[in-house]
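Structure first, then comments.
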Amino acid sequence: MRNKATKIILFILSGWILYSCSLVRRVPEGKHLLEKNEILVNDKVKNDEIVHDQLYQQPNSDILGFHLRLHMYNMAKPNADSMYLDWLDRKPGRHERYRKLLSEKQVQRLGNSFVVSGISNFLKKTGEAPVLVDINRIKKSRNRLFTYYYKKGFFRASVGYKIDTLPDKRAKVTYDVITGAPYMLDTINRYIETPALDSLYATIKDKSLIKQGQQYEETNFTAERERITNHFRNHGAYNFQQNYITYVVDTVNNGGRKANVDLIIDNESVRQGDSTFIRPFKLYKVSQVNIYTQNPNSEDQSIDSTSYKGFNIYSTGKLNYRPKALTDAIFVAPETDYSDIRRTLTSRYLSNLRVFNNPSIEYTEDKNDPSGKSLIASIKLIPKKKFRFNVSADFMHSNIQDIGIAGSLGVSMRNVFRGAEILDLSTRGNIGSSNDNAIKDKAFFNILEYGADLKLTFPRIFFPFNTEKIIPKNLIPSTIFSLGISSQKNIGLDKENFTGVLSYNWAPIRKHYSSRLDLLNLQYVRNLNPENYFKVYQSSYNRLNNIAQDYPSVPSSYFNENGDLDIENGGADNFINDVENGSIAVSTTDKDNVNSIEQRRDRLTENNLIFASNYTYTRTSRENLNDNTFFIFKTKVESAGALLSLLGGTLVDPNNSSSQRTLFNVAYSQYLKGELDFIKHWDLRRGKVLAMRAFFGLAVPYGNSTSIPFSRSYFAGGSNDNRGWQPYSLGPGSSGGVDDFNEANLKMAYSAELRFNIFDKLNGAIFGDIGNIWNVFDEVDDPKKTFNGFSSFRDLAFGSGLGFRYDFNFFVIRFDVGFKTYNPGREEGDRWFKEYNLSKSVLNVGINYPF
């Protein structure tokens, strides 16, 4: 045993020595590989990323301590081209033989081939050269650290450095920062030459970002300059720019470490010809708003003009828009102060209409105003084409279809009712081939799906009453009315689906939140072939068949020639009926299982009618696509059947023994549903991002329902969920995913992953996913499937793994390999790492990041 331990230790040490030596393979003699940067601030180690980012030299990148890109660079031949030429001339006659065999031109091309030099060139380009200690860069880093702390008020800071050489051509650089005490802001004075601007500043000075008693912080001065500029430009100061604001910070005539600040705002500098003169800033008002558009479909191209609520509208050709539709989108109004916010709101609103190309908003001084304080706003709108046709085709493969061909044909019609509305009409279809045993049709294309959709978008709240006070137009509101129908053939039970949605959307331009209210969300699902249930849901059939095999009292007529329960001739149905009415005596456990199977069949084969309303609120702190430190919070509440329940007894079907209320002979669903979804990202710098997501959802049936419709229930597993399990294969609870499609009405999930760059556009990730689904407050009473308080938290499944992502700029393709690290479907004590191998892994392919 001792000898084995010694061998293991020697093996590890040998591997570590070889690894260490390979890192410095390309480090020249007399040079040192930068092993580590250490920053000491007042004799304490500083590990803040923002401080370390001030350094001009950083150690070679690594992935969890492994220097992949450095190793790739070291593997490359330093001079592959010259080494090839040396190889040709190393042996007499070799070059000549190759020249006769291939020709001189091809011999030279062979030297540039991927096999000879291309591999090395690829490794060099993709890899990373060793970072060598450079005294000039160290000095620059020292100066940059001094500047960083100087900007934070440490005007008397000092920065030194020390290079410690280490074995194996390595070195460590230590920067020693002594900050001293910071300077604090003392007296703050303002000198604003334009009286009008001084009066404007007086209204916001109490919210100043630079205040007496604060530590000097240069970023506060920059932010305050931007705040003042925005306030001035939103209150008439059309010509004002940030460069008119300057600060004078005086630390010389002060005792102690205090700084006096003078805020100086100069008058406007105006250039006329070759001369320049100074004048006070003017606060402008908008005297006129002129809207210019055109009607390319009008034969008469003369100017058509009209006025509406003070706006002047001009059209080349007959005006093709209702004046109110145009003026509702414009926030720049006559007799209002010039404002950047109004200009931005107008531009965004007009762009959101999707009926105009990029709008142009220009201002010119009104020559008719003798005071010279008026502007004329000219808004130029170039309409997009009335019709836009959309054609798409796609080939696909899934667990249902061996091959599928999908296509769609659509048309968008702009300005349908002369109010900038957009009508989208589309048809879609899909034919596919499947070898599924549940499909009788053995023709090659034996799967068919087709449908049609209509969507009408209004750029306003479409409602019988005026909603301007509740949802003002600066929230950019819109109304969407959509209808859709579809039909599936030879897929599962075959379905017909009808949907209808009336939704309202709004999102303010200056705040990071959006809202959506589905006043009506209607869905009707009709199963065309419920008798195919046991052919489609094989796991349910197998469980039922196994129970029947254990009882000799089951009539032989219930079985087919293979000795299995007969589906075609009703053997399975007869067995269920006999168990339920007691004609066939089975154990209590088996009777419960048969009842559970039948209960699930009834639920999945019944037609669904859902009249729901829901509200979704989303908030984010993300500024742009390059922002990697942000959060997204989303919550949704939904209520189904409440409106129909108000009709009460008028909907009761007297022929329905369960006294369920129906509409069109279909029992409508009633439930309450709530969801919380939170995403958080942390930028760890140098290509590393830590991302996490937490989700909680609960749907509770009541009144007319004892369960949640399948389309509104939760499932677990898949590329955007717990990646150790396939979609629908996890849960509920500790049941082990015994059904074909496992779903429930309660879901908890948490995921976290560390993302890092491998090289170029290839990124990697290490992830962990925790979560499960359960039944609660519904008709399911199986303790393995239901949530039973804190004890059910041991049913949380844990999947982990790694992934690769390639960034194509406009989308990311993702490959994740997940492993069942903790599987609650197994017996207790046998759940950890029992399936942690490649044969039990799950490959998930997805587009873009999971969260």
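The values are calculated or read from the model by the stated rules, or taken from the named source; none is laboratory data. For clarity, every value in this text was computed on a predicted model and none was experimentally measured. All Cβ positions, glycine included, derive from the backbone under ideal geometry; neighbour counts span all protein chains shown.
Points to keep in mind about this one:
- Of all residues in the stretch 43-75, those satisfying the criterion of being part of a helix (DSSP H, G or I), under 30 Å from the mean Cα position of the chain (by Cα) and either outside the structural domain of Arg170 (by TED's automatic domain parsing) or within 21 Å of Glu128 (Cβ to Cβ) (or both) are Glu49, His52, Leu68, Arg69.
- Sole residue being assigned to a loop (DSSP other than H, G, I, E, B) and among the hydroxyl-bearing types (Ser, Thr, Tyr), chosen from Ser351, Ser371, Ser347: Ser371
- Some residue of the stretch 524-547 being surrounded by fewer than 14 Cβ atoms within 10 Å (Cβ to Cβ) and either in contact with a helix residue (DSSP H, G or I) (Cβ under 8 Å, 6 or more places away or on another chain) or of a type in the set (Phe, Trp, Tyr) (or both): no
- Annotation note: Cβ proximity below 8 Å between a residue of the stretch 130-145 that is touching a residue at least 12 places away in the same chain (Cβ under 8 Å) and more than 19 Å from Leu40 (Cα to Cα) and a residue that is surrounded by 14 or more Cβ atoms within 10 Å (Cβ to Cβ) and charged (D, E, K, R) (sequence gap 6+ or interchain) occurs for Pro130/Arg26; Leu132/Lys31.
Yes/no per residue for (1) at negative phi; (2) in contact with an Asp or Glu (Cβ under 6 Å, 6 or more places away or on another chain); (3) not small (Gly, Ala, Ser):
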{"residue": "Asn143", "(1), (2), (3)": "yes, no, yes"}
{"residue": "Phe146", "(1), (2), (3)": "yes, no, yes"}
{"residue": "Gly153", "(1), (2), (3)": "no, no, no"}
{"residue": "Pro167", "(1), (2), (3)": "yes, no, yes"}
{"residue": "Thr174", "(1), (2), (3)": "yes, yes, yes"}
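- Filter pass, Thr327 being within 28 Å of Asn230 (Cα to Cα), among the β-branched types (Val, Ile, Thr), free of Cβ contacts under 8 Å to residues at least 40 places away in the same chain and in the same structural domain as Leu375 (by TED's automatic domain parsing): yes
- The single residue among Asp206, Asp164, Asp176 that is within 22 Å of Lys46 (Cβ to Cβ), among the charged types (D, E, K, R) and free of Cβ contacts under 8 Å to residues at least 60 places away in the same chain turns out to be Asp164.
- Selection status of Ala699, buried (at least 16 other Cβ atoms within 10 Å of the Cβ), at pLDDT 90 or above and in contact with a Gly (Cβ under 7 Å, 6 or more places away or on another chain): no
- Pick from the stretch 779-804, criterion charged (D, E, K, R) and at pLDDT 90 or above, ranking: farthest from Gly733 (Cα to Cα): Arg794
- For beta carbons closer than 6 Å, sequence separation of 6+ or different chains, a first residue in the stretch 348-376 that is under 26 Å from Arg279 (Cα atoms) and outside the structural domain of Tyr292 (by TED's automatic domain parsing) and a second that is at pLDDT 90 or above and not basic (Lys, Arg), there are no qualifying pairs.
- Flag for Ala181 being crowded, with 17+ Cβ neighbours inside 10 Å and of a type in the set (A, V, I, L, M): no
- Residue under evaluation Gln294, criteria (1) surrounded by fewer than 16 Cβ atoms within 10 Å (Cβ to Cβ); (2) in contact (Cβ under 8 Å) with a residue 40 or more places away in the chain; (3) in the same structural domain as Pro334 (by TED's automatic domain parsing), criterion not met: (1)
For every residue, the table says whether it meets (1) buried (at least 22 other Cβ atoms within 10 Å of the Cβ); (2) in contact (Cβ under 8 Å) with a residue 40 or more places away in the chain.
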| position | (1), (2) |
| --- | --- |
| Pro732 | yes, yes |
| Asn745 | yes, yes |
| Asn763 | no, yes |
| Val776 | no, yes |
| Gly789 | no, no |
| Phe793 | no, no |
| Phe798 | no, yes |
| Gly801 | yes, yes |
| Phe811 | no, no |
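- Strands (runs of 3 or more DSSP E) wholly inside the stretch 732-820 containing at least 1 residues that are acidic (Asp, Glu) and touching a Gly at 6+ places or on another chain (Cβ under 8 Å): 746-759, 762-774
- Count of residues meeting criterion [of a type in the set (Ser, Thr, Tyr) and in a loop (DSSP other than H, G, I, E, B)] in the stretch 215-246: 2
- When each of Ile400, Ile376, Ile341, Ile361 is tested for being out of contact with any Pro (no Cβ under 9 Å at 6 or more places or on another chain) and modelled with pLDDT under 90, the lone residue that passes is Ile400.
- The stretch 582-615, residues that are in a strand (DSSP E or B) and out of contact with any Pro (no Cβ under 7 Å at 6 or more places or on another chain): Leu609, Phe611, Ala612, Ser613, Asn614, Tyr615
- Matching residues in the stretch 306-324 - criterion: being over 19 Å from Met413 (Cβ atoms), of a type in the set (S, T, N, Q) and surrounded by 13 or more Cβ atoms within 10 Å (Cβ to Cβ): Asn312, Ser315, Thr316
- Residue under evaluation Ile405, criteria (1) in contact with a Gly (Cβ under 9 Å, 6 or more places away or on another chain); (2) modelled with pLDDT of 90 or more, criterion not met: (2)
- Asp186 falls short on exactly one of the conditions (1) at pLDDT below 75; (2) assigned to a strand (DSSP E or B), and that condition is (1).
- Scanning the stretch 255-291 for residues that are surrounded by 14 or more Cβ atoms within 10 Å (Cβ to Cβ) and either of a type in the set (Gly, Ala, Ser) or over 26 Å from Glu362 (Cβ atoms) (or both) yields Arg257, Lys258, Ala259, Asn260, Val261, Asp262, Leu263, Ile264, Ile265, Asp266, Ser287.
- On the stretch given as the stretch 506-523, residues that are surrounded by 17 or more Cβ atoms within 10 Å (Cβ to Cβ) and in contact with a Leu (Cβ under 6 Å, 6 or more places away or on another chain) total 1.
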